[in-house]
1. Take the eigenvalues of the Cα gyration tensor for the chain, scale each by 5, and report the square roots as semi-axes in whole Å, largest first.
2. Kindly provide the pair-distance distribution of the range 291-397 built from C-alpha pairs, with 10 Å bins from 0 and whole-percent values in order of increasing distance.
3. Charges at C-beta only: +1 for Lys and Arg, -1 for Asp and Glu. How large is the resulting dipole of the chain about its Cα centre, in Debye rounded to 20?
4. Using the heavy atoms of the protein chains and a 1.4 angstrom probe, tell me the accessible area per residue for the range 198-265 in square angstrom.
5. Could you tell me what percent of the accessible area of the range 199-318 is made up of carbon and sulfur, with a 1.4 Å probe and every protein chain present?
6. Can you give me the relative contact order of the chain as a percent, contacts being Cα pairs under 8 Å and 6 or more apart?
7. Where does each of S2, S423 land when they are ordered by accessible area, with a 1.4 Å probe and the largest first?
8. Which of A398, I142, A272 sits farthest toward the positive end of the charge dipole of the chain, with +1 on the Cβ of Lys and Arg and -1 on the Cβ of Asp and Glu?
Amino acid sequence: MSKFEKYYKAVNFLEGLNNLPLQGDYMIDKHHADVYLKRMRYFLEFLGNPDKKIKFIHIAGTSGKGTVTNTVHEILNVAGKKVGSFTSPSVTTSIEKIKVKDKYIAPDEFAVIVDYLKPFIDKAYLEGPYGRPSYFEIFLAIAMVYFHGQKCEWVVLEVGLGGRYDTTNVIEKPVVTAITNIDYDHTELLGKTLKKIAYDKAGIIKQGSVAFTTEQHSSLLKIFSEISKEKHVELNVLPQQNNYREYNKELATAITRYIGIDDKFITQGIKAARLVCRFEIIQDEPKVVLDGAHNRSKIKTTIDNLKRLSFRKLYLIIGIADNKDHVSILEQIIPEADHIFFTRFQNKDRKCAHPKELLAKSKQYFKKGTESETYLDSGSALSKALKIAKPNDLILVAGSFFLAGELRKRWYSEDKVLKKRKSF
């Protein structure tokens, strides 16, 4: 019997709910979108509204929101605050989404909370006006129950997708709301223009909070400003920086200064902050970098980070979700590579772009002498790259968090993460 059998059963139960129809799915249907927040509030009311007893910092944006969430968490942790955070997606295993202080939720405690929620899930399914809660909604409920039970003083909440109708926007009185940059991603749900995307993400701005943003485009700042005025919220626009790394650091600094954290803890927290699969150097000789970059702005940051490293050849292992803008990713990263492995991730709930189609779209961006291979098994692609790369070469895994997380298991297995309740 596995030490984590109860945990795996709990995860299987949650994932298995996807074989039942959902009365409105945020990831598919944007019509009558407010039903998702109504359904989440209805479910939380069953549980005694645990979210109403917590102080929240709510973070949205196209790129960098996970980094900012993690950095703010680490700053509050080193400052001695009882802090929790909720992020998505997980990289190796589900507990990575829910963290208090320096550890993920314990696998057994996760299973206990799932068992506690089952009668409420049944009740919502049988009697609720909105049907059963979605997988993501249940996960957020698990987090809220856990944070409340842990008596968290602060919770840093990363938006799942968008903002206005995202499940995390069920919270009613955040202390701080923050928006990183705005760029094209999830356009099928958020809109095909930057203004529509900005309007959706600005939906997290609420009366009674203070807002921060690193966005610089005047037309998008106008949208943020109008919504802030309407909500009687102070909007703080951070100064222009040289790159996204600096923007993320300055945003985390501004947020934590606002809530009264001393600069010495801010400095310590920034140094302590590490995030899996965000340009994560997982080994040396050859250097292997795991990066979940999956849109235009994230890939630009990846390339900027590559320029800070010294290496001979770049071996690129790339797989991209089917719903992403493939060309905007490929046209940036392909010219940087000397040898490319086109592959796929194996997440059964998310469609992956065909590797051979990625190859066809990429050929026009090959530099002279670029070699390429195609593998349906990402593990085989990694094994081949590790075999042929020299000690002073660099292997980059990019294009998808699912792909980066899948290959990360070569160094950190799921059991190892579950035992340590850490990813490092």
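1. Values: eigenvalues 219, 132, 98 Å².
Result for the chain: semi-axes of 33, 26, 22 Å.
2. Going from the shortest bin to the longest, the percentages are 15, 51, 32, 3.
3. 640
4. On the way: 3510 Å² over 68 residues.
Accessible area per residue: 52 Å².
5. 44
6. Contact order relative to length: 17 percent.
7. S2, S423
8. Value computed over the given set: A272.
The values are calculated or read from the model by the stated rules, or taken from the named source; none is laboratory data. It should be emphasised that the depicted structure is a prediction, and the values quoted were computed from it without experimental measurement. Virtual Cβ from ideal backbone geometry, glycine too; neighbours counted across all protein chains shown. Side chains are part of the model used for accessible areas, which takes the heavy atoms of the whole protein and leaves out ligands, DNA and RNA. Shrake-Rupley method; radii C 1.70, N 1.55, O 1.52, S 1.80 Å.
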